[in-house]
Amino acid sequence: TAEAEAARLRDAVAAAERAAAADEKARALVLRHLNARAHDVVWTSGATAAIRAVAELKPWRAGDVLAHARDAHTSVVGCRFVAEARGASVEVVDAWDAHEFRGGLVVVTLESNFDGRRLG
């Protein structure tokens with residue numbers, strides 16, 4: 001019936017409004033935690049989109065270094081290709097020692113999307 005359809009649409013609109021409010025609350029919490037401004041934080045659909053954005057938007061140059069753990073997120077492989085094509089070098093580091101690496105962008109995967117193993 002028309003009433004049932006109208007009720008279903010109202011429920012969908014209300015759910016979308018609740019989701020938007022929850023999203024804004026999460027953004028505010030993250031920004032406050034990082035002491036950041038809205039344009040300092042980029043929201044993506046997930047790890048793959050975030051890694052791709054970094055790979056494509058970072059102004060890689062000769063002398064830059066991308067370091068990642070051996071068991072890196074599979075999307076890091078694509079990041080490697082972009083960095084190397086623009087003159088950066090790539091180093092594979094032990095995940096447990098990655099915090100000691102200096103001089104470049106370090107990618108550490110907290111949970112393997114290959115075998116589910118977790119760091120820490």
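The values are calculated or read from the model by the stated rules, or taken from the named source; none is laboratory data. Keep in mind the model is a prediction, meaning the values are calculated, not measured. Cβ placement follows ideal geometry from the backbone for every residue including glycine, while neighbour counts extend to all protein chains displayed. Protein only, heavy atoms only, side chains kept; ligands, DNA and RNA dropped before computing areas. Shrake-Rupley method; radii C 1.70, N 1.55, O 1.52, S 1.80 Å.
Quick rundown of the values:
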read-out	value
Residue identified as part of a helix (DSSP H, G or I) and either in contact with a Leu (Cβ under 7 Å, 6 or more places away or on another chain) or at pLDDT below 85 (or both) among 49, 53, 83, 72	83
Residue within the stretch 16-32 that is touching a residue at least 24 places away in the same chain (Cβ under 8 Å) and open to solvent by less than 60 Å² (accessible area, probe 1.4 Å) present	no
The stretch 95-109 residues that are part of a loop (DSSP other than H, G, I, E, B), paired with ones that are at pLDDT below 65 (beta carbon under 6 Å, 6 or more apart)	108/98
Some residue of the stretch 34-44 being loosely packed, with under 11 Cβ neighbours inside 10 Å, modelled with pLDDT of 90 or more and on the phi > 0 side of the Ramachandran plot	yes
So residue 91, is it in contact with a strand residue (DSSP E or B) (Cβ under 7 Å, 6 or more places away or on another chain), of a type outside the set (Ser, Thr, Tyr) and either touching a residue at least 24 places away in the same chain (Cβ under 8 Å) or open to solvent by less than 80 Å² (accessible area, probe 1.4 Å) (or both)	yes
